[in-house]
Amino acid sequence: MPAGLPKCATGIHGLDEITLGGLPRGRPTLVCGGAGCGKTLLGMEFLVRGATQFGEPGVCLSFEETAEELASNVASLGFDLADLIKHKKLVVDHVLLDRSLIEETGEYDLEALFVRLGHAVDSIGAKRVLLDSVEALFAGLNNESVLRSELRRLFRWLKERNLTAVVTGERGQSTLSRHGLEEYISDCVILLDHQVTETVLTRRLRVVKYRGSTHGMNEYPFLIEHDGISVLPVTSMYLNHLACNDRVSTGVPALDTMFGGEGYFRGSSILVSGTAGTGKTSLTAHFVDAACARGEKCVFFSFEESADQIVRNMRSIGIDLGRWVEKGLLHFHAVRPTSFGLEMHLVKIHKIIEQVKPRIVVVDPVTGLLHAGTESETRSILLRLVDFLKEKQITALITTLTSGAIAMEQTEIDISSLVDAWLLLRDIESGGERNRGLYILKARGVAHSNQIREFLLTDHGVELREVYLGETGLLTGSGRVNQEAKDASAVILALQEIEKKQHLLQRKRMMLDAQIAALQLDLETDEQESQQLIAQEKLKIVKWERDRGDMAKSRFADKIPAQHVKGAPVRGGRR
Amino acid sequence: MKRANSTGNKSPDPERYLLRLFVTGTTPRSARAIRNIRAVCEDHLPDRYDLEVIDIYQHPEYVRTEQIIVTPTLVKQNPLPVRKLIGDLSDTARVLAGLDIVPRPLSTGTPETKHAA
């Protein structure tokens with residue numbers, strides 16, 4: 001009945017996720033582990049959270065520590081036991097068993113313990129019980145067979161009273177608990193452990209068994225901090241992150257343009273890789289600055305520089321991150337990678353993210369974490385981190401330092417397949433100088449530019465320039481500037497040439513126009529002359545005909561020739 | 001079920017035994033324990049003991065204050081040091097040793113023998 005098993009939320013950060021809801025309600029759970037691994041704290045947090053968050057009062061039967069000791073121990077986690085006791089939300093009963101003061105004189109049973117527990121439970125209506133650690137009974141009493149049967153009865157009794165119990169037990173040589181408590185408590189067993197690898201301590205928690213329920217199977221790192229235990233449910237089983245269509249600006253307008261004009265996808269993970277000094281941090285600072293300006297919360301995890309150092313350095317390129325810190329929008333978390341284990345780093349990151357609830361996270365550089373673990377560990381941690389950030393829909397900018405020795409497009413820890421977008425910053429050496437280049441190696445789901453841009457760090461931030469691609473190849477820096485100057489003068493020359501040509505043309509046209517005008521004038525004069533001649537000729541003809549008529553009259557000719565005004569063919573035309 | 005034997009007033013007499021027996025109702029084991037301690041007291045401490053029998057079912061508050069874990073438990077409150085005798089008090093030699101009536105056997109302070117449940 002995996003779905004129907006009632007569970008009792010512990011309120012412990014992460015544990016309820018691993019157990020898919022909490023401990024089995026109304027049943028005892030065995031928490032075992034070596035000395036100092038946090039059994040008692042886990043149990044106390046279970047009680048305190050029950051009393052404060054879930055309205056379930058609790059009883060602690062402490063066989064090892066007195067109520068005062070317990071109270072002062074958990075005071076460091078911010079738990080005020082005295083207050084809870086005063087308000088009848090908690091009973092702490094120290095069960096003292098001093099063997100030197102006890103004489104065994106015959107048969108006995110643990111009925112008094114039952115009465116004691118029952119009385120405490122009834123006095124506050126407790127729903128939760130912590131027995132810490134019941135194995136102390138074995139040290140105080142000789143009759144093991146009685147103890148065993150009585151413990152069996154005790155756990156049955158707890159179940160009958162529907163009490164959710166945490167029973168702690170010291171870890172044995174080959175068994176989970178020294179006295180084999182796991183034989184009696186079979187519903188749920190949680191194993192705590194701590195390991196030291198290369199002087200770094202990592203606490204781990206594993207749910208060994210959980211009858212009637214699925215649960216996370218792995219070892220989960222956990223942290224004891226000022227506000228309790230945090231367990232990290234590190235590996236999510238499925239890839240079911242929501243994909244967001246919103247975009248966020250990169251903070252550099254030219255880079256936004258390279259990303260199709262809009263920037264990164266919200267909730268995506270962006271890798272910025274590059275060799276030392278290529279401007280990775282500056283690029284992230286732009287992103288953070290833009291996000292804070294929009295009023296979004298950011299967390300900056302730095303593994304190389306301190307917060308102050310970053311703020312100061314970014315001021316040199318005209319970005320004032322300090323004001324965002326003051327406004328509470330930007331949270332720095334700078335820590336040496338070697339200060340604790342990888343998983344602890346991850347737990348810390350989780351915790352801070354849970355607290356701050358940022359929309360933007362920067363990890364600079366993730367390669368710093370390599371120093372805290374092996375490569376495969378780092379990779380798995382990063383996978384978990386990216387997973388976690390995606391689940392939370394947090395846009396993450398992760399920088400990674402590539403050493404010059406290996407291929408550029410291969411990050412040291414090979415996390416490229418995990419990320420959605422990958423910016424590569426690289427040195428371009430030419431003409432005796434070293435310049436920075438930037439290009440987008442990949443950007444899932446974005447029509448991105450395939451161009452290399454020159455990446456300039458100026459006193460007003462990052463600038464992206466087109467690189468010069470000429471006959472001599474790719475030019476950057478002063479080479480590019482030179483070439484650009486050359487290009488500019490060439491353009492001016494060409495412009496002047498054009499102007500000259502246009503001038504020439506103009507003049508030619510003017511000359512031709514003048515010629516045309518002269519010719520036309522000629523033509524007109526010719527025409528006039530011709531017209532005059534024609535008119536004169538016509539007059540001649542008229543005169544001649546009239547003369548001929550007069551002559552005929554004078555001779556009395558009987559026939560007067562028909563009048564021909566125009567060119568009568570008497571004597572043939574003159575023209 | 002609270003019974004007082006002999007004089008009720010607690011005199012400051014350092015030699016006088018003040019004993020409290022915590023039992024669970026009227027189970028045979030409880031009854032046996034009461035019988036055993038009475039016999040020991042009458043035999044060895046005539047007129048110099050006060051015995052209080054407390055049923056923890058009726059007075060559960062004592063269990064915590066007196067640090068009772070198992071039953072029956074006999075608490076010797078006077079003379080000092082305070083000592084607890086657990087079990088049904090059927091092992092008279094141990095009872096006597098526990099109450100400092102006879103010197104403790106030299107071999108062991110705490111017996112290794114195991115009792116059947």
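The values are calculated or read from the model by the stated rules, or taken from the named source; none is laboratory data. Bear in mind that the values here come from a model prediction, so they are computed numbers and not experimental data. A quick note on method: Cβ atoms are made from the backbone with ideal geometry, for glycine too, and the neighbour counts reach across all protein chains shown. Keep in mind that these areas ignore ligands, DNA and RNA; they rest on the heavy atoms of the full protein, side chains included. Shrake-Rupley method; radii C 1.70, N 1.55, O 1.52, S 1.80 Å.
Some points to look at:
- Answer from A:T19, A:T40 - the residue that is of a type in the set (S, T, Y) and modelled with pLDDT of 85 or more: A:T40
For every residue, the table says whether it meets (1) closer than 25 Å to A:G368 by Cβ; (2) among the hydroxyl-bearing types (S, T, Y); (3) out of contact with any Phe, Trp or Tyr (no Cβ under 9 Å at 6 or more places or on another chain).
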position: A:G251; (1), (2), (3): yes, no, no
position: A:Y264; (1), (2), (3): yes, yes, no
position: A:V272; (1), (2), (3): yes, no, no
position: A:G295; (1), (2), (3): no, no, yes
position: A:E304; (1), (2), (3): yes, no, yes
position: A:I310; (1), (2), (3): yes, no, no
position: A:A334; (1), (2), (3): yes, no, no
position: A:L346; (1), (2), (3): yes, no, no
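- Some residue of region A:144-161 being within 12 Å of chain B (Cβ to nearest Cβ), within 21 Å of A:V95 (Cα to Cα) and among the hydroxyl-bearing types (S, T, Y): yes
- Complete set of residues in region A:152-210 that are surrounded by 15 or more Cβ atoms within 10 Å (Cβ to Cβ), under 32 Å from the mean Cα position of the chain (by Cα) and of a type outside the set (S, T, Y): A:H194, A:V200, A:R203, A:R204, A:L205, A:R206, A:V207
Table: residues versus (1) of a type in the set (S, T, N, Q); (2) out of contact with any helix residue (DSSP H, G or I) (no Cβ under 9 Å at 6 or more places or on another chain).
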| residue | (1), (2) |
| --- | --- |
| A:D93 | no, no |
| A:L101 | no, yes |
| A:V121 | no, yes |
| A:N143 | yes, yes |
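- Members of region A:341-366 found to be in contact with a Cys (Cβ under 9 Å, 6 or more places away or on another chain) and either assigned to a loop (DSSP other than H, G, I, E, B) or of a type in the set (S, T, N, Q) (or both), listed by number: A:P358, A:R359
- Looking only at residues of region B:67-86 that are in contact with a strand residue (DSSP E or B) (Cβ under 6 Å, 6 or more places away or on another chain) and more than 7 Å from every other protein chain (Cβ to nearest Cβ), we find that the one that is surrounded by the most Cβ atoms within 10 Å (Cβ to Cβ) is B:L74.
- Among the residues of region A:76-94, the one identified as surrounded by 21 or more Cβ atoms within 10 Å (Cβ to Cβ), within 23 Å of A:I224 (Cβ to Cβ) and within 14 Å of chain B (Cβ to nearest Cβ) is A:V92.
- Complete set of residues in region A:292-310 that are buried (at least 23 other Cβ atoms within 10 Å of the Cβ) and in contact with a Pro (Cβ under 9 Å, 6 or more places away or on another chain): A:C298, A:V299, A:F303
- Scope region A:25-62; condition open to solvent by 10 Å² or more (accessible area, probe 1.4 Å) and within 18 Å of A:A82 (Cα to Cα); matching residues: A:T40, A:L41, A:R49, A:T52, A:Q53, A:G55, A:E56, A:P57
- Restricting attention to region A:356-406, the residues that are acidic (D, E), modelled with pLDDT of 75 or more and more than 14 Å from A:V419 (Cβ to Cβ) total 2.
- Counted residues, region A:118-143 - those being within 12 Å of chain B (Cβ to nearest Cβ) and on the phi > 0 side of the Ramachandran plot: 0
- Leading residue by the ranking (most open to solvent (accessible area, probe 1.4 Å)) among those in region B:87-96 that are touching a Gly at 6+ places or on another chain (Cβ under 9 Å) and either in a helix (DSSP H, G or I) or more than 7 Å from chain A (Cβ to nearest Cβ) (or both): B:R94
- Here A:Q410 fits the description: at pLDDT below 80 and open to solvent by 20 Å² or more (accessible area, probe 1.4 Å).
- Output for region A:432-455, where each listed residue is among the basic types (K, R) and not in a strand (DSSP E or B): A:R444
- Among the residues of region B:18-62, the one identified as aromatic (F, W, Y), within 9 Å of chain A (Cβ to nearest Cβ) and in contact with a strand residue (DSSP E or B) (Cβ under 6 Å, 6 or more places away or on another chain) is B:F22.
- Sole exception among (1) part of a helix (DSSP H, G or I); (2) at pLDDT 85 or above for B:H59, by number: (1)
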